[in-house]
Amino acid sequence: MSYTDEVYERVVAQNPNEPEFHQAVKEVLDSLKVVIDRNEEKYRSVSLLERLVEPERVISFRVPWVDDNGNVQVNKGYRVQFNSAIGPYKGGLRFHPTVNQGILKFLGFEQIFKNSLTGLPIGGGKGGSNFDPKGKSDREVMAFCQSFMTELCKYIGADTDVPAGDIGVGGREIGFLFGQYKRVRDLYEGVLTGKGLTWGGSLIRTQATGYGVVYILDEIAKAHGDSLSGKTAVVTGSGNVAIYAVEKITQLGATVVAMCDSNGYIYDPKGINLDVIKDIKEVRRARIKEYADLVEGSEYHEGTGIWNIKCDVYLPCATQNELDLDGVKTLVANGCKYIAEGANMPTTAEGTEYAQKNGVYFMPGKAANAGGVATSALEMSQNSMRMSWTAEEVDEKLHNIMIDIFNKVDDAAKRYGMPDNYVVGANIAGFEKVVDAMMSQGIC
Ligand code: NDP
(Lines give C-alpha, C1' and ligand atoms only; values in the text may rest on other atoms or scores of the structure.)
Protein backbone atom coordinates (compact mmCIF):
# COMPACT_ATOMS: atom_id res chain seq x y z
CA MET A 1 0.00 0.00 0.00
CA SER A 2 1.31 3.49 -0.78
CA TYR A 3 2.42 5.76 2.06
CA THR A 4 -0.41 8.22 1.35
CA ASP A 5 -3.07 5.46 1.39
CA GLU A 6 -1.63 4.05 4.60
CA VAL A 7 -1.82 7.43 6.32
CA TYR A 8 -5.33 8.06 5.03
CA GLU A 9 -6.49 4.74 6.48
CA ARG A 10 -4.88 5.63 9.77
CA VAL A 11 -6.71 8.97 9.81
CA VAL A 12 -10.07 7.28 9.21
CA ALA A 13 -9.41 4.69 11.91
CA GLN A 14 -8.14 7.15 14.50
CA ASN A 15 -10.66 9.94 13.86
CA PRO A 16 -14.04 8.20 13.67
CA ASN A 17 -17.19 10.18 12.84
CA GLU A 18 -15.27 13.04 11.25
CA PRO A 19 -16.24 12.67 7.55
CA GLU A 20 -15.33 16.23 6.55
CA PHE A 21 -11.85 15.79 8.03
CA HIS A 22 -11.42 12.49 6.16
CA GLN A 23 -12.57 14.17 2.93
CA ALA A 24 -10.10 17.06 3.29
CA VAL A 25 -7.19 14.73 4.14
CA LYS A 26 -8.01 12.45 1.21
CA GLU A 27 -8.09 15.29 -1.28
CA VAL A 28 -4.74 16.60 -0.10
CA LEU A 29 -3.02 13.20 0.14
CA ASP A 30 -4.30 12.11 -3.27
CA SER A 31 -2.88 15.29 -4.78
CA LEU A 32 0.42 14.85 -2.98
CA LYS A 33 0.93 11.28 -4.11
CA VAL A 34 3.18 12.31 -6.99
CA VAL A 35 5.40 14.29 -4.64
CA ILE A 36 5.40 11.75 -1.82
CA ASP A 37 6.16 8.79 -4.07
CA ARG A 38 9.34 10.51 -5.27
CA ASN A 39 10.54 11.07 -1.68
CA GLU A 40 8.87 8.21 0.13
CA GLU A 41 11.84 6.94 2.09
CA LYS A 42 12.86 10.37 3.28
CA TYR A 43 9.35 11.27 4.46
CA ARG A 44 8.60 7.87 5.98
CA SER A 45 11.79 7.93 8.02
CA VAL A 46 10.53 10.99 9.91
CA SER A 47 6.79 10.07 9.87
CA LEU A 48 6.17 13.30 8.03
CA LEU A 49 2.61 12.55 6.92
CA GLU A 50 1.58 11.10 10.27
CA ARG A 51 2.67 14.37 11.86
CA LEU A 52 1.08 16.51 9.15
CA VAL A 53 -2.40 15.02 9.70
CA GLU A 54 -2.27 15.21 13.50
CA PRO A 55 -3.10 18.62 15.03
CA GLU A 56 -0.37 19.95 17.31
CA ARG A 57 -3.09 20.68 19.86
CA VAL A 58 -6.89 20.56 20.14
CA ILE A 59 -8.44 22.59 22.92
CA SER A 60 -12.06 22.02 23.84
CA PHE A 61 -13.92 23.86 26.54
CA ARG A 62 -17.26 24.72 28.13
CA VAL A 63 -18.91 28.07 27.32
CA PRO A 64 -21.61 28.94 29.86
CA TRP A 65 -23.60 32.17 29.41
CA VAL A 66 -26.92 33.67 30.51
CA ASP A 67 -29.67 34.37 27.97
CA ASP A 68 -32.16 37.26 28.04
CA ASN A 69 -34.64 35.18 30.06
CA GLY A 70 -32.11 34.57 32.79
CA ASN A 71 -31.53 30.96 31.78
CA VAL A 72 -28.03 29.50 31.77
CA GLN A 73 -27.01 28.16 28.36
CA VAL A 74 -23.99 25.95 27.75
CA ASN A 75 -22.17 25.65 24.42
CA LYS A 76 -19.05 23.82 23.29
CA GLY A 77 -15.95 25.86 22.40
CA TYR A 78 -12.88 24.70 20.47
CA ARG A 79 -9.56 25.78 19.07
CA VAL A 80 -7.61 23.46 16.79
CA GLN A 81 -3.95 24.51 16.62
CA PHE A 82 -2.99 22.39 13.66
CA ASN A 83 0.45 23.33 12.38
CA SER A 84 2.88 26.07 13.37
CA ALA A 85 5.81 25.13 11.11
CA ILE A 86 5.80 28.40 9.17
CA GLY A 87 4.29 30.82 11.70
CA PRO A 88 1.79 31.39 14.51
CA TYR A 89 -1.50 29.52 14.11
CA LYS A 90 -3.93 31.59 12.04
CA GLY A 91 -7.51 30.79 11.08
CA GLY A 92 -11.05 31.87 11.75
CA LEU A 93 -13.61 31.19 14.44
CA ARG A 94 -16.93 29.76 13.29
CA PHE A 95 -20.12 30.10 15.33
CA HIS A 96 -22.75 27.80 13.86
CA PRO A 97 -24.91 24.97 15.26
CA THR A 98 -23.18 22.45 12.97
CA VAL A 99 -19.72 23.12 14.42
CA ASN A 100 -17.96 20.10 15.89
CA GLN A 101 -14.39 18.95 16.31
CA GLY A 102 -14.31 17.11 12.96
CA ILE A 103 -15.43 20.16 10.99
CA LEU A 104 -12.85 22.34 12.73
CA LYS A 105 -10.13 19.77 12.05
CA PHE A 106 -11.03 19.78 8.36
CA LEU A 107 -10.95 23.57 8.30
CA GLY A 108 -7.70 23.75 10.30
CA PHE A 109 -6.03 21.20 8.02
CA GLU A 110 -7.05 23.13 4.89
CA GLN A 111 -5.83 26.30 6.52
CA ILE A 112 -2.24 24.99 6.71
CA PHE A 113 -1.91 24.84 2.93
CA LYS A 114 -3.96 27.96 2.28
CA ASN A 115 -1.80 30.01 4.63
CA SER A 116 1.33 28.61 3.07
CA LEU A 117 0.11 29.61 -0.41
CA THR A 118 -0.20 33.25 0.66
CA GLY A 119 3.59 33.36 1.02
CA LEU A 120 3.18 34.96 4.46
CA PRO A 121 4.50 33.52 7.75
CA ILE A 122 1.31 32.00 9.19
CA GLY A 123 0.57 28.49 10.43
CA GLY A 124 -2.79 26.72 10.34
CA GLY A 125 -5.56 26.76 12.95
CA LYS A 126 -9.33 27.03 13.30
CA GLY A 127 -11.84 27.30 16.10
CA GLY A 128 -15.39 28.04 17.01
CA SER A 129 -18.50 26.94 18.78
CA ASN A 130 -21.86 25.31 18.17
CA PHE A 131 -23.42 28.61 19.35
CA ASP A 132 -25.87 30.10 16.83
CA PRO A 133 -25.79 33.93 16.78
CA LYS A 134 -28.89 33.97 14.57
CA GLY A 135 -31.92 35.29 16.42
CA LYS A 136 -29.89 36.26 19.51
CA SER A 137 -29.91 39.78 20.93
CA ASP A 138 -26.71 41.83 20.90
CA ARG A 139 -26.48 41.37 24.66
CA GLU A 140 -26.73 37.60 24.32
CA VAL A 141 -24.03 37.55 21.63
CA MET A 142 -21.82 39.69 23.87
CA ALA A 143 -22.38 37.43 26.88
CA PHE A 144 -21.48 34.41 24.79
CA CYS A 145 -18.38 36.03 23.25
CA GLN A 146 -17.11 37.18 26.66
CA SER A 147 -17.46 33.71 28.12
CA PHE A 148 -15.86 32.11 25.05
CA MET A 149 -12.86 34.46 25.21
CA THR A 150 -12.45 34.11 28.98
CA GLU A 151 -11.32 30.56 28.27
CA LEU A 152 -9.77 30.97 24.81
CA CYS A 153 -7.49 33.84 25.90
CA LYS A 154 -5.31 31.37 27.80
CA TYR A 155 -4.19 29.78 24.55
CA ILE A 156 -3.83 32.61 22.03
CA GLY A 157 -1.66 35.70 21.55
CA ALA A 158 -0.24 37.96 18.85
CA ASP A 159 2.79 35.67 18.39
CA THR A 160 1.10 32.37 19.24
CA ASP A 161 -2.31 32.08 17.65
CA VAL A 162 -4.33 34.82 15.97
CA PRO A 163 -7.99 33.93 15.27
CA ALA A 164 -10.27 35.80 12.85
CA GLY A 165 -13.90 35.64 11.74
CA ASP A 166 -15.68 32.96 9.73
CA ILE A 167 -19.33 31.91 9.42
CA GLY A 168 -21.31 33.64 12.16
CA VAL A 169 -18.34 35.69 13.34
CA GLY A 170 -18.21 39.19 11.85
CA GLY A 171 -17.20 42.63 13.09
CA ARG A 172 -19.65 42.61 15.99
CA GLU A 173 -18.38 39.32 17.41
CA ILE A 174 -14.69 40.18 16.85
CA GLY A 175 -15.32 43.41 18.81
CA PHE A 176 -16.80 41.61 21.80
CA LEU A 177 -14.03 38.99 21.71
CA PHE A 178 -11.26 41.59 21.49
CA GLY A 179 -12.73 43.63 24.34
CA GLN A 180 -12.74 40.62 26.61
CA TYR A 181 -9.21 39.52 25.62
CA LYS A 182 -7.87 42.99 26.45
CA ARG A 183 -9.70 43.04 29.75
CA VAL A 184 -8.56 39.63 30.94
CA ARG A 185 -4.99 39.61 29.56
CA ASP A 186 -4.39 43.35 29.97
CA LEU A 187 -2.74 43.44 26.55
CA TYR A 188 -3.57 45.65 23.58
CA GLU A 189 -2.15 43.55 20.78
CA GLY A 190 -3.06 42.14 17.40
CA VAL A 191 -4.52 38.95 18.80
CA LEU A 192 -7.52 38.90 16.50
CA THR A 193 -7.94 40.09 12.92
CA GLY A 194 -11.03 41.53 11.31
CA LYS A 195 -11.00 44.29 13.92
CA GLY A 196 -12.81 47.60 13.53
CA LEU A 197 -10.94 50.35 11.69
CA THR A 198 -10.70 52.60 14.76
CA TRP A 199 -9.04 49.89 16.89
CA GLY A 200 -6.44 48.15 14.76
CA GLY A 201 -8.37 46.72 11.85
CA SER A 202 -7.12 46.83 8.28
CA LEU A 203 -8.86 48.56 5.43
CA ILE A 204 -10.06 46.05 2.79
CA ARG A 205 -10.13 43.11 5.25
CA THR A 206 -13.94 43.00 4.98
CA GLN A 207 -13.77 42.84 1.20
CA ALA A 208 -10.62 40.72 0.95
CA THR A 209 -11.91 37.18 0.61
CA GLY A 210 -14.54 38.02 -2.00
CA TYR A 211 -12.23 40.34 -3.94
CA GLY A 212 -9.47 37.75 -3.82
CA VAL A 213 -11.72 35.07 -5.32
CA VAL A 214 -12.37 37.32 -8.27
CA TYR A 215 -8.74 38.42 -8.64
CA ILE A 216 -7.61 34.80 -8.98
CA LEU A 217 -10.53 33.99 -11.28
CA ASP A 218 -9.47 36.87 -13.48
CA GLU A 219 -5.98 35.34 -13.70
CA ILE A 220 -7.42 31.98 -14.75
CA ALA A 221 -9.48 33.66 -17.46
CA LYS A 222 -6.50 35.69 -18.70
CA ALA A 223 -4.27 32.60 -18.75
CA HIS A 224 -6.75 31.06 -21.18
CA GLY A 225 -7.13 34.13 -23.36
CA ASP A 226 -10.52 34.95 -21.86
CA SER A 227 -11.98 37.75 -19.74
CA LEU A 228 -14.67 38.08 -17.08
CA SER A 229 -16.29 40.97 -18.91
CA GLY A 230 -19.69 40.01 -20.29
CA LYS A 231 -19.88 36.74 -18.34
CA THR A 232 -22.96 35.61 -16.43
CA ALA A 233 -22.22 34.55 -12.87
CA VAL A 234 -23.99 32.82 -9.98
CA VAL A 235 -22.63 33.43 -6.48
CA THR A 236 -23.95 31.31 -3.62
CA GLY A 237 -24.44 32.57 -0.08
CA SER A 238 -25.06 36.20 0.76
CA GLY A 239 -22.59 36.63 3.59
CA ASN A 240 -19.24 38.34 3.75
CA VAL A 241 -17.48 36.36 1.03
CA ALA A 242 -20.41 36.30 -1.38
CA ILE A 243 -21.21 40.01 -1.14
CA TYR A 244 -17.69 41.16 -1.98
CA ALA A 245 -17.21 38.56 -4.70
CA VAL A 246 -20.34 39.98 -6.32
CA GLU A 247 -19.06 43.53 -5.89
CA LYS A 248 -15.70 42.82 -7.57
CA ILE A 249 -16.91 40.58 -10.39
CA THR A 250 -19.55 43.17 -11.24
CA GLN A 251 -16.83 45.85 -11.37
CA LEU A 252 -14.97 43.64 -13.85
CA GLY A 253 -17.97 43.58 -16.16
CA ALA A 254 -19.76 40.32 -15.31
CA THR A 255 -23.45 40.11 -14.42
CA VAL A 256 -24.41 38.19 -11.28
CA VAL A 257 -27.91 36.80 -11.68
CA ALA A 258 -28.41 34.68 -8.54
CA MET A 259 -27.47 34.50 -4.84
CA CYS A 260 -28.86 32.54 -1.88
CA ASP A 261 -29.04 32.02 1.85
CA SER A 262 -29.76 28.82 3.71
CA ASN A 263 -33.50 29.14 3.06
CA GLY A 264 -33.59 29.71 -0.69
CA TYR A 265 -32.24 31.62 -3.68
CA ILE A 266 -33.07 34.69 -5.70
CA TYR A 267 -32.85 35.07 -9.46
CA ASP A 268 -32.58 38.50 -11.02
CA PRO A 269 -31.93 38.34 -14.77
CA LYS A 270 -31.05 42.06 -14.90
CA GLY A 271 -28.21 41.58 -12.44
CA ILE A 272 -28.32 41.55 -8.65
CA ASN A 273 -28.67 44.97 -7.02
CA LEU A 274 -25.98 44.67 -4.36
CA ASP A 275 -27.15 47.70 -2.38
CA VAL A 276 -30.40 45.87 -1.70
CA ILE A 277 -28.54 42.72 -0.65
CA LYS A 278 -26.22 44.69 1.64
CA ASP A 279 -29.19 46.37 3.29
CA ILE A 280 -30.96 43.03 3.83
CA LYS A 281 -27.91 41.11 5.01
CA GLU A 282 -25.45 43.59 6.53
CA VAL A 283 -27.84 46.12 8.02
CA ARG A 284 -31.08 44.33 8.85
CA ARG A 285 -29.72 40.75 9.13
CA ALA A 286 -32.88 39.55 7.37
CA ARG A 287 -33.67 36.77 4.88
CA ILE A 288 -32.78 36.95 1.17
CA LYS A 289 -36.43 36.23 0.30
CA GLU A 290 -37.12 39.94 0.85
CA TYR A 291 -35.14 40.79 -2.28
CA ALA A 292 -37.94 39.50 -4.50
CA ASP A 293 -40.43 41.82 -2.76
CA LEU A 294 -38.13 44.81 -3.20
CA VAL A 295 -36.78 44.35 -6.75
CA GLU A 296 -39.15 44.11 -9.66
CA GLY A 297 -38.55 41.30 -12.12
CA SER A 298 -36.68 39.13 -9.61
CA GLU A 299 -37.83 35.76 -8.28
CA TYR A 300 -37.40 33.88 -5.01
CA HIS A 301 -37.17 30.09 -4.92
CA GLU A 302 -37.45 28.31 -1.59
CA GLY A 303 -34.85 25.59 -0.94
CA THR A 304 -31.77 24.51 -2.86
CA GLY A 305 -31.22 24.32 -6.61
CA ILE A 306 -29.41 27.58 -7.37
CA TRP A 307 -27.07 25.60 -9.67
CA ASN A 308 -29.96 25.18 -12.10
CA ILE A 309 -29.49 28.80 -13.17
CA LYS A 310 -27.48 28.96 -16.38
CA CYS A 311 -24.12 30.68 -15.97
CA ASP A 312 -20.53 30.87 -17.24
CA VAL A 313 -19.04 31.36 -13.78
CA TYR A 314 -20.15 29.70 -10.54
CA LEU A 315 -18.72 30.92 -7.24
CA PRO A 316 -19.81 28.77 -4.28
CA CYS A 317 -19.40 31.09 -1.28
CA ALA A 318 -21.71 29.59 1.36
CA THR A 319 -20.54 26.44 3.15
CA GLN A 320 -18.92 23.00 2.88
CA ASN A 321 -20.38 20.41 0.50
CA GLU A 322 -23.10 22.75 -0.77
CA LEU A 323 -22.42 21.69 -4.39
CA ASP A 324 -22.69 17.99 -5.17
CA LEU A 325 -22.19 15.85 -8.26
CA ASP A 326 -25.71 16.43 -9.61
CA GLY A 327 -25.28 20.18 -9.17
CA VAL A 328 -21.99 20.13 -11.06
CA LYS A 329 -23.48 17.99 -13.83
CA THR A 330 -26.23 20.57 -14.29
CA LEU A 331 -23.73 23.43 -14.34
CA VAL A 332 -21.61 21.65 -16.97
CA ALA A 333 -24.64 20.80 -19.09
CA ASN A 334 -25.58 24.49 -19.02
CA GLY A 335 -22.15 25.56 -20.25
CA CYS A 336 -20.45 26.70 -17.02
CA LYS A 337 -16.70 27.18 -17.62
CA TYR A 338 -15.34 28.43 -14.31
CA ILE A 339 -15.80 27.42 -10.67
CA ALA A 340 -13.79 29.23 -7.99
CA GLU A 341 -14.54 28.24 -4.41
CA GLY A 342 -15.11 31.20 -2.12
CA ALA A 343 -16.22 28.88 0.69
CA ASN A 344 -14.06 26.13 2.19
CA MET A 345 -14.61 22.79 0.40
CA PRO A 346 -18.07 23.74 -0.92
CA THR A 347 -17.85 21.13 -3.71
CA THR A 348 -17.98 17.41 -2.94
CA ALA A 349 -15.06 15.25 -4.07
CA GLU A 350 -17.19 13.67 -6.83
CA GLY A 351 -18.39 17.08 -7.99
CA THR A 352 -14.84 18.41 -8.15
CA GLU A 353 -13.65 15.46 -10.18
CA TYR A 354 -16.55 15.75 -12.62
CA ALA A 355 -15.94 19.47 -13.13
CA GLN A 356 -12.25 18.93 -13.82
CA LYS A 357 -12.89 16.09 -16.26
CA ASN A 358 -15.49 18.09 -18.15
CA GLY A 359 -13.57 21.19 -19.11
CA VAL A 360 -14.35 23.44 -16.16
CA TYR A 361 -11.47 25.52 -14.78
CA PHE A 362 -11.81 24.68 -11.11
CA MET A 363 -9.93 26.66 -8.44
CA PRO A 364 -10.21 25.10 -4.95
CA GLY A 365 -11.00 27.16 -1.87
CA LYS A 366 -7.58 26.89 -0.30
CA ALA A 367 -6.21 29.00 -3.16
CA ALA A 368 -9.30 30.95 -4.25
CA ASN A 369 -10.34 32.22 -0.82
CA ALA A 370 -6.83 32.77 0.56
CA GLY A 371 -7.17 36.54 0.12
CA GLY A 372 -9.02 36.74 3.44
CA VAL A 373 -6.31 35.22 5.55
CA ALA A 374 -3.62 37.00 3.52
CA THR A 375 -5.18 40.34 4.39
CA SER A 376 -5.50 39.20 8.00
CA ALA A 377 -1.75 38.65 7.93
CA LEU A 378 -1.38 42.16 6.51
CA GLU A 379 -3.47 43.36 9.46
CA MET A 380 -1.04 41.56 11.81
CA SER A 381 1.89 43.31 10.13
CA GLN A 382 0.25 46.72 10.49
CA ASN A 383 -0.49 46.00 14.18
CA SER A 384 3.11 44.97 14.81
CA MET A 385 4.41 48.10 13.11
CA ARG A 386 1.78 50.22 14.91
CA MET A 387 0.76 51.85 11.65
CA SER A 388 -1.87 51.43 8.95
CA TRP A 389 -1.84 51.34 5.18
CA THR A 390 -4.36 53.01 2.89
CA ALA A 391 -7.13 51.03 1.20
CA GLU A 392 -5.29 51.31 -2.13
CA GLU A 393 -2.07 49.96 -0.60
CA VAL A 394 -3.81 46.97 0.98
CA ASP A 395 -5.86 46.25 -2.14
CA GLU A 396 -2.74 46.32 -4.29
CA LYS A 397 -0.93 43.94 -1.94
CA LEU A 398 -3.97 41.64 -1.94
CA HIS A 399 -4.18 41.71 -5.73
CA ASN A 400 -0.47 40.88 -6.05
CA ILE A 401 -0.78 38.04 -3.52
CA MET A 402 -3.64 36.51 -5.52
CA ILE A 403 -1.66 36.78 -8.76
CA ASP A 404 1.29 35.16 -7.00
CA ILE A 405 -0.93 32.34 -5.68
CA PHE A 406 -2.27 31.72 -9.18
CA ASN A 407 1.27 31.54 -10.56
CA LYS A 408 2.42 29.14 -7.83
CA VAL A 409 -0.59 26.86 -8.29
CA ASP A 410 -0.34 26.94 -12.07
CA ASP A 411 3.40 26.29 -11.96
CA ALA A 412 3.11 23.33 -9.55
CA ALA A 413 0.39 21.74 -11.70
CA LYS A 414 2.57 22.11 -14.80
CA ARG A 415 5.74 20.88 -13.04
CA TYR A 416 3.98 17.65 -12.16
CA GLY A 417 2.53 17.22 -15.66
CA MET A 418 -1.06 18.14 -14.82
CA PRO A 419 -1.60 21.58 -16.38
CA ASP A 420 -4.85 23.30 -15.37
CA ASN A 421 -5.35 20.88 -12.48
CA TYR A 422 -5.47 23.61 -9.85
CA VAL A 423 -6.53 21.21 -7.08
CA VAL A 424 -3.27 19.29 -7.39
CA GLY A 425 -1.33 22.51 -7.99
CA ALA A 426 -2.68 24.20 -4.85
CA ASN A 427 -2.04 21.21 -2.62
CA ILE A 428 1.49 20.69 -3.89
CA ALA A 429 2.47 24.36 -3.82
CA GLY A 430 1.05 24.76 -0.30
CA PHE A 431 2.72 21.56 0.90
CA GLU A 432 6.20 22.34 -0.42
CA LYS A 433 6.83 25.26 1.93
CA VAL A 434 5.35 23.55 4.99
CA VAL A 435 7.27 20.34 4.45
CA ASP A 436 10.52 22.20 4.02
CA ALA A 437 9.95 23.95 7.36
CA MET A 438 8.93 20.72 9.08
CA MET A 439 11.97 18.86 7.79
CA SER A 440 14.26 21.66 8.98
CA GLN A 441 12.74 21.85 12.46
CA GLY A 442 13.32 18.21 13.42
CA ILE A 443 10.84 15.85 15.01
CA CYS A 444 8.31 18.13 16.67
P1 NDP B 1 -21.24 34.36 6.49
O2 NDP B 1 -21.75 33.82 7.75
O3 NDP B 1 -21.00 35.82 6.37
O4 NDP B 1 -22.17 33.92 5.28
C5 NDP B 1 -22.47 32.60 4.99
C6 NDP B 1 -23.57 32.62 3.95
O7 NDP B 1 -23.81 31.31 3.47
C8 NDP B 1 -24.90 33.13 4.50
O9 NDP B 1 -25.57 33.83 3.48
C10 NDP B 1 -25.61 31.82 4.82
O11 NDP B 1 -27.03 31.93 4.85
C12 NDP B 1 -25.19 30.98 3.65
N13 NDP B 1 -25.33 29.55 3.92
C14 NDP B 1 -24.88 28.86 4.99
N15 NDP B 1 -25.20 27.58 4.88
C16 NDP B 1 -25.87 27.45 3.69
C17 NDP B 1 -26.44 26.37 3.02
N18 NDP B 1 -26.41 25.14 3.51
N19 NDP B 1 -27.04 26.62 1.81
C20 NDP B 1 -27.07 27.85 1.30
N21 NDP B 1 -26.54 28.92 1.90
C22 NDP B 1 -25.95 28.71 3.09
O23 NDP B 1 -19.88 33.55 6.21
P24 NDP B 1 -18.67 33.94 5.27
O25 NDP B 1 -19.17 34.62 4.05
O26 NDP B 1 -17.64 34.59 6.10
O27 NDP B 1 -18.10 32.50 4.91
C28 NDP B 1 -18.64 31.72 3.84
C29 NDP B 1 -17.65 30.60 3.51
O30 NDP B 1 -16.39 31.16 3.16
C31 NDP B 1 -17.36 29.62 4.64
O32 NDP B 1 -17.10 28.35 4.09
C33 NDP B 1 -16.07 30.17 5.24
O34 NDP B 1 -15.33 29.18 5.90
C35 NDP B 1 -15.36 30.62 3.97
N36 NDP B 1 -14.31 31.61 4.16
C37 NDP B 1 -14.58 32.82 4.74
C38 NDP B 1 -13.58 33.75 4.87
C39 NDP B 1 -13.85 35.12 5.38
O40 NDP B 1 -12.93 35.96 5.32
N41 NDP B 1 -15.04 35.42 5.86
C42 NDP B 1 -12.19 33.45 4.47
C43 NDP B 1 -12.04 32.20 3.78
C44 NDP B 1 -13.07 31.31 3.67
P45 NDP B 1 -27.81 32.12 6.25
O46 NDP B 1 -27.69 33.57 6.54
O47 NDP B 1 -29.17 31.66 5.93
O48 NDP B 1 -27.11 31.25 7.26
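Details
- For the pair the range 259-320 and the range 383-444, the centres of their Cα atoms are 32 angstrom apart.
- The helix-based estimate of mean residue ellipticity at 222 nm for the chain, built from -39,500 (n - 2.57) per DSSP H run of four or more residues and divided by its residue count, is -15000 deg cm²/dmol to the nearest 500.
- Computed FRET value (nearest 0.05) for Glu392 with Lys134, which takes r as the C-beta separation and R₀ as 56 Å: 0.95
- Using the Cβ-Cβ distance between Val12 and Met439 with R0 = 25 Å, the FRET efficiency computed as 1/(1 + (r/R0)^6) comes to roughly 0.45.
- FRET efficiency for Met385 and Ala333, using Cβ-Cβ distance with R0 set to 45 Å, rounded to 0.05: 0.30
- Gain on full stretching of the segment that runs from Glu299 to Lys222 - 0.36 nm per residue minus C-alpha separation: 24.4 nm
- Close amide-amide hydrogen proximity is noted between Arg94 and Gly127, Gly128, Ser129, each under 5 Å apart and 5 or more residues distant or on a separate chain (H modeled in the peptide plane; Pro and chain starts excluded).
- In this view, the solvent-accessible surface of Arg44, computed with a 1.4 Å probe and all protein chains in place, comes to about 80 Å².
- Accessible area per residue, Å², the chain with all protein chains present, probe 1.4 Å: 39 Å²
- Using the empirical formula 2.2 N^0.38 Å as the baseline, the Cα radius of gyration of the range 93-174 reaches a ratio of 1.13.
- Here the relative contact order of the chain, from alpha carbon pairs under 8 Å that lie six or more residues apart, stands at 15 percent.
- Charge-dipole axis of the chain as Lys and Arg at +1 and Asp and Glu at -1 on Cβ define it, positive-most pick from Gly335, Leu52, Leu192: Leu192
- Of Trp307, Leu398, Phe82, farthest towards positive along the dipole that unit charges on Lys, Arg, Asp, Glu beta carbons give the chain: Phe82
- Too-long pairs where the Cα-Cα distance tops 22 Å, listed order kept, from Lys33/Lys366; Lys248/Lys310; Lys105/Lys366; Lys281/Lys310; Lys248/Lys433; Lys248/Lys337: Lys281/Lys310; Lys248/Lys433
- Remark: the chain carries a charge dipole of roughly 800 debye about the Cα centre, counting +1 on each Lys and Arg Cβ and -1 on each Asp and Glu Cβ.
- Karplus (6.51, -1.76, 1.60) ³J(HN,Hα), θ = phi - 60°, over the range 240-257, in Hz, Gly and Pro reported as x: 4, 5, 4, 4, 7, 5, 4, 4, 6, 5, 5, 4, 8, x, 8, 10, 8, 10
- Residue-span extension gain [Glu282 to Gln251] - 0.36 nm each, minus C-alpha spacing: 9.2 nm
- Fraction of antiparallel bridges per DSSP, the chain only, in percent to nearest 5: 55 percent
- Label sites at Lys33 and Asn263, each approximated as a point 7 angstrom past Cα along Cα to Cβ, lie 4.5 nm apart.
- Counting Lys and Arg as +1 and Asp and Glu as -1 over every other residue whose Cβ lies under 12 Å from the Cβ of Asn369, the net charge comes to -1.
- Surface composition of the chain: carbon and sulfur atoms hold 48% of the protein heavy-atom accessible area at a 1.4 Å probe.
- Mean separation of Cα contacts under 8 Å (6+ apart) over length of the range 45-204, as relative contact order %: 22 percent
- Charge context of Glu40, other residues only, Cβ under 15 angstrom, K/R +1, D/E -1: -1
The values are calculated or read from the model by the stated rules, or taken from the named source; none is laboratory data. Since we're looking at a predicted model, the values are computed, not measured. Virtual Cβ from ideal backbone geometry, glycine too; neighbours counted across all protein chains shown. For accessibility, only protein heavy atoms count, side chains too; no ligands or nucleic acids. Shrake-Rupley method; radii C 1.70, N 1.55, O 1.52, S 1.80 Å.
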